Amino acid sequence: MTLHPASFVFALAALCAVGAAHAEKADRTKPMNIEADALRHDDLAQTSVFTGNVVLTKGTIVIRGTRLEVRQDAEGYQYGVVTAEPGKRAYFKQKRDTAPGTPDEFIEGEGETIDYDGRADRVKFIRRAEMHRLTGSTVTDDVRGDVIVYNNATDVYTVDGNPAAAGSGTLTSPGGRVRAVLAPRGGPAAGAAAAPATPAASGAAPALRGSPALGGTTR
């Protein structure tokens with residue numbers, strides 16, 4: 001993927017001052033369970049196409065959409081591409097490993113298309129992409145752009161703002177720029193941090209707040 005100047009990379013582990021959480025590494029080895037209204041399977045090509053109210057679960061991973069194409073390579077790795085109904089977005093959620101006694105954490109995202117790569121242990125949200133990190137039910141990080149790629153193996157995600165598409169009306173963030181709200185991790189600031197405010201109905205994007213772990217500043 002070609003990244004535009006508005007793109008950026010976050011190492012999620014580096015954001016956490018204490019109690020680092022990682023994606024559930026065992027999910028990639030779990031069986032893929034799928035429910036849908038209809039199925040077309042090609043045994044020779046090892047591909048299956050599910051249509052209508054598709055729900056995929058794989059360990060702690062949950063993906064929902066209207067159409068899912070699944071394939072499996074010779075080594076048993078599974079791949080899935082989920083698309084949403086016109087005007088809507090497909091949905092993804094995955095639990096993260098956390099230390100005993102700490103709140104559960106999740107990665108949650110949406111996009112018109114969601115591409116899951118079992119070999120690379122990576123998920124991509126495409127067009128009107130949005131991804132959150134949740135602690136319990138509280139949204140602590142919120143990133144939006146045209147394409148978001150989250151790597152489970154490295155806990156790194158990239159966001160492409162695609163300024164070339166500005167004015168097309170297809171992006172979650174106006175102006176074709178990446179938008180992010182990042183809550184502090186650890187220390188007194190983290191205890192006082194509140195969930196990021198939801199963008200106003202007028203479409204105004206949330207302000208970008210720097211993370212102390214990254215040495216960022218408010219813009």
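The values are calculated or read from the model by the stated rules, or taken from the named source; none is laboratory data. Computed from a predicted model, the values in this text were never measured in an experiment. FYI the Cβ positions are ideal-geometry reconstructions off the backbone, even for glycines, and counts take in every protein chain you see. Heavy atoms of the whole protein, side chains included, go into the accessibility calculation; ligands, DNA and RNA do not. Shrake-Rupley method; radii C 1.70, N 1.55, O 1.52, S 1.80 Å.
Please indicate, with yes or no, whether at least one residue in the stretch 126-143 is open to solvent by 60 Å² or more (accessible area, probe 1.4 Å) and at pLDDT 90 or above. The answer is yes; a qualifying residue exists. Among the residues of the stretch 154-161, is any at pLDDT below 85, more than 30 Å from Gly76 (Cβ to Cβ) and either in contact with a His (Cβ under 7 Å, 6 or more places away or on another chain) or surrounded by fewer than 20 Cβ atoms within 10 Å (Cβ to Cβ) (or both)? Yes: one or more hits. Can you run down the residue pairs with Cβ atoms below 6 Å, 6 or more apart or on separate chains, where the first is in the stretch 124-143 and under 21 Å from Asp160 (Cβ atoms) and the partner is hydroxyl-bearing (Ser, Thr, Tyr)? Cβ pairs passing all conditions: Ile126/Thr113; Arg128/Thr172; Glu130/Thr172; Arg133/Thr140.
Is it the case that some residue within the stretch 53-74 is out of contact with any strand residue (DSSP E or B) (no Cβ under 9 Å at 6 or more places or on another chain) and either surrounded by fewer than 17 Cβ atoms within 10 Å (Cβ to Cβ) or in contact (Cβ under 8 Å) with a residue 24 or more places away in the chain (or both)? Within the stretch 53-74, one or more residues are out of contact with any strand residue (DSSP E or B) (no Cβ under 9 Å at 6 or more places or on another chain) and either surrounded by fewer than 17 Cβ atoms within 10 Å (Cβ to Cβ) or in contact (Cβ under 8 Å) with a residue 24 or more places away in the chain (or both). Taken together, the residues in the stretch 91-108 that are open to solvent by less than 10 Å² (accessible area, probe 1.4 Å) and modelled with pLDDT under 95 amount to 3. Applying the set (1) surrounded by fewer than 16 Cβ atoms within 10 Å (Cβ to Cβ); (2) modelled with pLDDT under 90; (3) out of contact with any helix residue (DSSP H, G or I) (no Cβ under 8 Å at 6 or more places or on another chain) to Arg40 leaves exactly one unmet item: (2).
With respect to Ala84, determine if the residue is touching a residue at least 24 places away in the same chain (Cβ under 8 Å) and over 25 Å from Ala153 (Cβ atoms). When the stated conditions are applied, Ala84 passes them. Residues that are part of a strand (DSSP E or B) and modelled with pLDDT under 90 within the stretch 59-77 comprise just one, Gln72.
On the stretch given as the stretch 143-152, residues that are closer than 12 Å to Ala180 by Cβ and within 10 Å of the chain's Cα centre (by Cα) total 3. Restricting the stretch 1-37 to residues that are modelled with pLDDT of 90 or more and open to solvent by less than 80 Å² (accessible area, probe 1.4 Å) leaves a set whose member that is nearest to Gln94 (Cα to Cα) is Ile34.
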